[in-house]
Structures are given as C-alpha cells and as structure tokens.
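J.: Before I ask anything, here is the structure I am working with.
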Amino acid sequence: MAANFMRNVHVFLSIMILALSVSVAHASQRLDEQTIEKATFSGKRSAAHGTSPLLVKVEVLLDRAHFSPGEIDGNLGENVKKALTAYADAHDLPADPPLTNETVSSLSADTQPILTQYVLTDSDLKGPFTEHIPAKMEEMKGMKRVDYRNPKEAIAEKFHVSEKLLGMLNPGTSFNQVGQQIVVPNVLVDESKGPVTKIDIDKDRQTVKAYGPSGELVAFYPATVGSKEKPSPLGTFKIISINRNPTYRYDPKYKFKGIKTNKPFVIGPGPNNPVGLVWIGLSADGYGIHGTADPSRVSKSESHGCVRLTNWDALALASMVKKGMPVQFADSSVKTSSEAN
C-alpha cells in the first residue's frame, strides 16, 4: 500500500514538473512588444518550432526590406524560408540554413520599431463586411461585393499579419470598439521601392522577383504559380492591364477544375473576390498576377494557372509596374540545353 502511495506521488510530481516546464517554455515565448523588440538569434534551432518572437521580428524586417515572407505569423514556414534565402543571396550572405546570425544582423540595420500602436477607427469597424462567403467559386456567382468577413480580418490584412498572431499580440481584444488601441506589425513604413523594369516568375520555386533599371532586385514575393491541372505558361509576356478592385468574370472555356457550369458568371469586387484587390493582366490569354482571399495559402495551394500573391504584395507590385513591362515565366527545375551539356 505504501509502495502504491509512493508510486502515485511520483506520478503526480512528474505531471506537475511537466506542466511547469511547459508553462515556463510558454512564458519564454511571450509575444509582447519588448520581448519581440529584444529578440536575438541564438543558434540554428532557436526559432525552429512554434510561434517565435524572433521570427515575428525577422518577418517584419523582411517585409519592410521588400523581401516578403507572405503572411506574418511568427513561424519558420516555407514562405519565410524563401524570403530569407532570397535576402541572403541578394546581400551575399550565407543562405544555408535560411536563418543565420549574418542575415538577422543585416536585417537589424533597420532600427525602426518592430511593432506599433494602432487605434481602431470608425472606418475600420463600419465595413461593409460580407459575413458569409461560399467556399466554392461557382456558389459566389452574382455576389455584388465580396468584402472582409469582419474587422479583425480587415485589420490583419492591413498589417500583413495572420489573424491568429494578431490575436496573440492582443490577448482578450474584441476588435470591435472605436478608439481601442491595439498592437500591430510596423509594416506601413514604405509601400513601394520602384521603379520596376522586369518581373521574373519561377514556377518551380513558386516565387516572383521584381528587378529595377540596373538589374537590381527591387522586391521578392512568395507566390502560388499554376497547378498540374492548369500550369502557368513558359516564356516572356507583357503586362497589358492593371486593374484595382477588379470584378471577376468566369469564362467557361477555361474549364476550371470543380466548376461545373457551362455559362459565364460574374463575382463582384472586394478583397475576398477570387482575384483579390488587384489584377495585373498579361499578354498570355487569361493569365495574370493577382491577389487572393486566403493569404495563408499562398505557395501552399494551387491556382488556375495564374500567379497568386497576398493582397498587399499584389498591390505593392502593382504600384511599381506599368503596361508593356516584360514578365518572364521560367521553371528552375528544368535545365536549359547549355546546362544539360
């Protein structure tokens, strides 16, 4: 009986120690302004798992440097790895592993605050909002507008951050009161870095690179580029149109997967429209670069052949380009004849 009692005590103590260690680990990953601002690189695996103050800091710095990590979420996902690699290559820094002390130090030359305070306004909260949005495109036909679902989604997109991380930065916040002060990534510092004279799209790596007049890399974006069912084209095309807040028009001749109708239909404009907040039309019939209703899925899902960016990245790119500009699609996984020899 005494042995059973001691065994139970041992189990109880083990559980308490585990709970305490988890609590301490959680506390060490606090996401307040001071913790994120002071976050430093401490080794290869210092930010490899879970939501990390350092990764929040790095993603904000990458965003401000025009090497977009996509949606800022505080995790070492594929999009931030792509941005880190592109940044390292552009600055002649070690790129393996993607997160290195050299890259963090270089990014940290930008000393502006990582986070900032924002006060919710009446325009943030009054909408209009589209609370219920069908999952399938065909079910959206005839909708006059496809706006944000709620203020939190709108604010998250405004500051390039996931709704989950926005909530973590503002625990207990309802995002429904005018005058409410919240903490957001400090990304609205410089929205453009033009001019751009050429765009390169890598179908294999799922990336978009924008180059300036001297061949310098002006901006980098993770992207969704086509699919196996409907791949993006190869070759060089031109920008023929730049339409902000576009209406989406489905042409049945494209025969998109999952859409059964043989009749054309129209979906009204808005950030949750199938092509988001901007359409950059290309000379390849039916193809373009555009925004998306789901920034978390950029480069992690498939498109109907077009190039899909987050809404804010698509808008930033649209502000730097003009009609007639060349856009080259290439596949880095396919060797050229000279490389093959």
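The values are calculated or read from the model by the stated rules, or taken from the named source; none is laboratory data. Since we're looking at a predicted model, the values are computed, not measured. Cβ placement follows ideal geometry from the backbone for every residue including glycine, while neighbour counts extend to all protein chains displayed. Protein only, heavy atoms only, side chains kept; ligands, DNA and RNA dropped before computing areas. Shrake-Rupley method; radii C 1.70, N 1.55, O 1.52, S 1.80 Å.
J.: Please go through the range 96-116 and give me each residue that is in contact with a strand residue (DSSP E or B) (Cβ under 7 Å, 6 or more places away or on another chain) and either open to solvent by 40 Å² or more (accessible area, probe 1.4 Å) or among the charged types (D, E, K, R) (or both), ordered by number.
T.: Listed by number, the list holds a single entry, T116.
J.: Another one. Can you find a residue in the range 51-62 that is within 30 Å of Y248 (Cα to Cα) and in contact (Cβ under 8 Å) with a residue 40 or more places away in the chain?
T.: no
J.: Here's something else I'd like to know. Being at pLDDT 95 or above and touching a Ser or Thr at 6+ places or on another chain (Cβ under 7 Å) is the filter; apply it to the range 214-245 and report the residue that is farthest from A330 (Cα to Cα).
T.: I240
J.: Another question about this same structure. Tally time: how many residues in the range 215-268 are part of a strand (DSSP E or B) and either farther than 18 Å from G142 by Cβ or of a type in the set (F, W, Y) (or both)?
T.: So the count comes out to 21.
J.: Which residue out of V161, V187, V208, V119 is touching a His at 6+ places or on another chain (Cβ under 8 Å) and either touching a residue at least 12 places away in the same chain (Cβ under 8 Å) or over 30 Å from T261 (Cβ atoms) (or both)?
T.: V187
J.: Quick one: which of V146, V187 is open to solvent by less than 20 Å² (accessible area, probe 1.4 Å), assigned to a loop (DSSP other than H, G, I, E, B) and within 20 Å of R297 (Cα to Cα)?
T.: V146
J.: Considering (1) open to solvent by 90 Å² or more (accessible area, probe 1.4 Å); (2) at pLDDT below 95, say which one M137 fails and leave the rest.
T.: Evaluating M137 over (1) open to solvent by 90 Å² or more (accessible area, probe 1.4 Å); (2) at pLDDT below 95 leaves (1) as the failure.
J.: Related question: I'm trying to understand the selection: among the residues of the range 172-184, which are β-branched (V, I, T), touching a residue at least 40 places away in the same chain (Cβ under 8 Å) and open to solvent by less than 60 Å² (accessible area, probe 1.4 Å)?
T.: I182, V183, V184
J.: Having 1 or more residues that are under 14 Å from Y221 (Cα atoms), of a type in the set (S, T, N, Q) and modelled with pLDDT of 95 or more is the bar; report the helices (runs of 4 or more DSSP H) wholly within the range 50-117 that clear it. Steps first, answer last, please.
T.: Numbers: elements: 53-64, 78-90, 101-107.
Counting at least 1 such residues, we get 78-90.
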